[in-house]
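Quick notes on the structure that follows.
The values are calculated or read from the model by the stated rules, or taken from the named source; none is laboratory data. From a predicted model like this one, the values you see are computed outputs, not experimental measurements. We place every Cβ from the backbone using ideal geometry, glycine too, and count neighbours over all the protein chains shown. Only protein heavy atoms, including side chains, enter the accessible area calculation; ligands, DNA and RNA are left aside. Shrake-Rupley method; radii C 1.70, N 1.55, O 1.52, S 1.80 Å.
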Amino acid sequence: MSTAAATSCSLENYLVIPDVSMDDRITAARETLGQHAVILGHHYQRDEVIRHSDFRGDSYRLSKTAAESKAEYIVFCGVHFMAESADVLSRHSQKVVLPDLNAGCSMADMAEIGQVEDCWEHLVGLGLTSDAGDAITPVTYMNSTAAIKGFCGERGGVVCTSSNAAGAFKWAFAKTPKVLFLPDQHLGRNTAFAMGIPLNQMVVWDPYMPMGGLTADRLRSAKVILWKGHCSVHQRFLPEHVDKVRNLYPGIKVLAHPECRWEVCQKADALGSTDRIIKLIREAPAGSKFAVGTEIHLVNRLAKENRDKMVITLDDSGCLCTTMFRISPQHLCWALENLVEGNVVNRIVVKDDVKHWARVALDRMLSIQ
Ligand code: SF4
């Protein structure tokens, strides 16, 4: 394949080109690749990137789309753990490309495999479970490395997203009396609390403290062991932000993503994954007012797409996911034009041994509603 626009495939040459020149080149490369490529765009991507995606969604929807896609190249405009999941779920012949390898996720980085293995060894050592997970089910949020997903798969555990976290907890509690939830303490706490588990039956494992900063008795009595991780974007929302928007805009509805703190979620009118937040706003009557506790690109897009309603961010101090923002139109163009030239750049490949068990955990997730 070739395109007139592809004059050089070195990334440095792209990074100096202004955004406005990128649209036509991305479109041309996309057309040349045809059905050989599919572009997936996460809701938190900037407009200049997401408008080129064939499918947009949250990590759950995109992981399903990746699993069903027939395209040879899956170009993932998201962050590293999402591209890893796409590689795990895709067929052997498919290649997953992340346009900027620096697009990571601070939450996923908060649970390193060595730390999680160390935690598990302590739990086994205390006699709380066997190594196979016969008394504690490890459940990991999609926002974790493939190694953590593989860890869970190998020990009878599962992956979940914010869309199906409650289903994953129910599935886990049907097997074992305890759950170890990785790596987002807020999603774990909000989900378990909504299922009727009181806060005093949850403990937080701090990987930087001896034995997680917990006593053996606290671990024995807990139903849910939460990993001490969080999303640096969603954790910025505070309960006082909810009070503030309600004072400023009487009648406004507060929608919060469950990665927000428990105190914020308790005050919110509704909780939801990004897909659920989108649906709630779309289906609301004209004139409705919403303050939304999630990433700013999605909130701004919702405001533009729902001009008959008022949609504002819950906190206007800039809740931007800086790592999602790393995928620029220049990176996308560079990745696509390289594919046109037959060069697969920034390919994400998960090692076979990790892939097997991560796939087991992801397949379990896809079977849970
Ligand atoms: S919004 Fe938070 S959890 Fe999502 S990719 Fe960014 S840092 Fe990670």
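Below, the figures for the structure above:
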item	result
Meets criteria (open to solvent by 20 Å² or more (accessible area, probe 1.4 Å), more than 14 Å from the ligand (Cβ to nearest atom) and in contact with a His (Cβ under 9 Å, 6 or more places away or on another chain)) for Arg56	yes
The range 334-369: number of residues that are open to solvent by less than 50 Å² (accessible area, probe 1.4 Å), at pLDDT below 95 and either among the aromatic types (Phe, Trp, Tyr) or part of a loop (DSSP other than H, G, I, E, B) (or both)	1
Considering residues of the range 66-85 that are in a helix (DSSP H, G or I) and open to solvent by 20 Å² or more (accessible area, probe 1.4 Å) only, the residue farthest from the ligand (Cβ to nearest atom)	Glu68
Subset of the range 29-47 (residues that are over 20 Å from Thr313 (Cβ atoms) and either of a type in the set (Ser, Thr, Tyr) or away from the ligand (no atom under 16 Å from the Cβ) (or both))	Ala29, Arg30, Glu31, Thr32, Leu33, Gly34, Gln35, His36, Ala37, Val38, Ile39
Residues of the range 213-237 satisfying the condition of being away from the ligand (no atom under 16 Å from the Cβ) and either over 18 Å from Ile136 (Cα atoms) or open to solvent by less than 40 Å² (accessible area, probe 1.4 Å) (or both)	Gly213, Leu214, Ala216, Leu219, Ala222, Val224, Ile225
Residue satisfying all of: in the range 134-155; over 21 Å from Lys64 (Cα atoms) and surrounded by fewer than 23 Cβ atoms within 10 Å (Cβ to Cβ); modelled with the lowest pLDDT among these	Asp134
Test for Val254: is it of a type in the set (A, V, I, L, M), at pLDDT 95 or above, open to solvent by less than 50 Å² (accessible area, probe 1.4 Å) and away from the ligand (no atom under 16 Å from the Cβ)	yes
Strands (runs of 3 or more DSSP E) completely within the range 86-164 that count 2 or more residues being within 16 Å of the ligand (Cβ to nearest atom)	136-141, 158-160
Selection count where residues are of a type in the set (D, E, K, R), more than 19 Å from Leu226 (Cβ to Cβ) and not in a helix (DSSP H, G or I), scope the range 237-266	1
The range 301-333 - residue that is open to solvent by 60 Å² or more (accessible area, probe 1.4 Å) and among the acidic types (Asp, Glu) and, of those, farthest from the chain's Cα centre (by Cα)	Asp308
Unmet requirement for Ala66, which otherwise passes all of (1) closer than 28 Å to Thr322 by Cβ; (2) in contact (Cβ under 8 Å) with a residue 60 or more places away in the chain	(2)
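Condition check ((1) within 22 Å of Met107 (Cα to Cα); (2) in contact with a Leu (Cβ under 6 Å, 6 or more places away or on another chain); (3) surrounded by fewer than 24 Cβ atoms within 10 Å (Cβ to Cβ)) across all residues:
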residue: Val179; (1), (2), (3): yes, no, no
residue: Pro183; (1), (2), (3): yes, no, no
residue: Gly188; (1), (2), (3): yes, yes, no
residue: Phe193; (1), (2), (3): yes, no, yes
residue: Ile197; (1), (2), (3): no, no, yes
residue: Val203; (1), (2), (3): yes, yes, yes
residue: Tyr208; (1), (2), (3): yes, no, yes
residue: Met211; (1), (2), (3): yes, no, yes
